[in-house]
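Here the structure is laid out as structure tokens; the discussion comes afterwards.
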């Protein structure tokens, strides 16, 4: 399970040798530490030469508590807008925008092996590698690009 929070992304899987343990993994140390919290920092470890270097083994009951805590933190109407404006989050904000764009393209069949036939109700997403102006909200910019009001 991939979990995107306002401050990072973690990948969570069941441990293959410890059935009651969830292996929480991340590509950035601050992402995993933000998710597991200070009470679980003892569970953090680093593995070299693997996809997700930053890891923590968390008992499934504690993992459920951590997920509920993240749910309680949802106090925003727009996920991308909830990512901190601090420059240290610029890369993460851009990556989340790429995920949004990719899944929007997926919605319109862009990744299907078919001929990519679209109905008039669901035109393909505009893909021209143009980025929104820095001063404009991404959602508003995209709505303008595809001609939708109040996206």
Response to the item:
Between the modelled labels at residue 1 and residue 57 (7 Å from Cα along Cα→Cβ) the distance in nm is 2.1
Worksheet entry | FRET efficiency for residue 112 and residue 48, using Cβ-Cβ distance with R0 set to 41 Å, rounded to 0.05 | 0.65
Fill in: Cα-Cα P(r), the stretch 10-102, percent of pairs per 5 Å interval
3, 12, 20, 22, 21, 15, 7, 2
Worksheet entry | Chain lengthening between residue 20 and residue 85 when straightened (0.36 nm per residue, less Cα-Cα) | 19.7 nm
Response to the item:
Fewest-first ordering of 42, 54 by Cβ atoms within 10 Å yields 42, 54
Worksheet item: the stretch 28-71 to the stretch 84-110: how many Å between their Cα centroids?
Response: 22
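Rule-based calculations on the coordinates, nothing more; no lab input. Small disclaimer: the values here were computed from a predicted structure and weren't measured. In this analysis, Cβ positions are derived from the backbone assuming ideal geometry, glycine residues included, and neighbour counts consider all displayed protein chains.
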